[in-house]
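Peer 1: Let me give you the structure first, and then I'll get to my questions.
The numbers here are math on the coordinates, done by the rules we state, and not lab data. Just so you know, these numbers come straight off a predicted model, no measurement behind them. Cβ atoms come from the backbone with ideal geometry, glycine included; neighbour counts cover every protein chain shown.
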Amino acid sequence: MTAIYLTGFMGAGKTTIGQALSIALGLDVVDTDTYIEQKTGKKIRDIFVESGEKAFRGMETDALKELSGYEGIITTGGGIVIKEENRKLMLKEGTVIFLYCEPSEVINRLKEDRTRPLILNKTESDIAKMFQERLPFYKENTFEVNTTSKTVENIVNEIQSRL
């Protein structure tokens, strides 16, 4: 058994699907953002404000390295795929599942969310552009599951059938 990494843009359902998949497969789940928050004692948004995005991306890489050999589900932050090192590490360590969600649905899911530092004060066009910039990186995966307009149960069933 190796790790199962869930990647995708913010709002794609990584955390929700990770928790449901954890129950379905009887595996533990760890979230890289939560891992970083527990390690630093700071919220992600505070890390962005105090140290910047570059420092946070370094913390994500450190978290992936520290979780090397983990046998369970790892839900990742939406930007973890930006660094090639992270993409290579995840593919080497386990199964990488890209949870795709149509940008319009992502925007709808996130419009009231004030906890995500990268979308605060951003327009829908800005968010869609960020999604398109990251899409080639998300495509470096073991397989892709479209979460758009699907129930959690349907998504988990699809993942299970493809593992």
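Peer 1: Suppose R0 equals 35 Å; then what is the FRET efficiency for Lys88 and Lys150 from their Cβ-Cβ distance, rounded to the nearest 0.05?
Peer 2: So, using R0 = 35 Å, E works out to roughly 0.75.
Peer 1: Taking the highest mean first, how do the peptides 152-161, 7-16 order by number of other beta carbon atoms within 10 angstrom per residue?
Peer 2: Ranking, from highest mean packing down: 7-16, 152-161.
Peer 1: Relative contact order for the chain: what is it in percent, counting Cα pairs under 8 Å that are at least 6 residues apart?
Peer 2: So the answer I get is 35 percent.
Peer 1: If I build a Gaussian network model for the chain, linking alpha-carbon pairs within less than 10 angstrom, which residue out of Ile82, Ile36, Ile23 has the largest mean-square fluctuation?
Peer 2: Taking springs between Cα atoms under 10 Å, the residue moving most is Ile23.
Peer 1: For the chain, what is the mean residue ellipticity at 222 nm derived from helices alone (per DSSP H run of n ≥ 4: -39500 (n - 2.57); sum divided by total residues; nearest 500 deg cm²/dmol)?
Peer 2: -16000 deg cm²/dmol
Peer 1: Tell me the label-point distance for the pair Ala24, Leu135, using the 7 Å Cα-to-Cβ offset, in nm and rounded to one decimal.
Peer 2: 2.6
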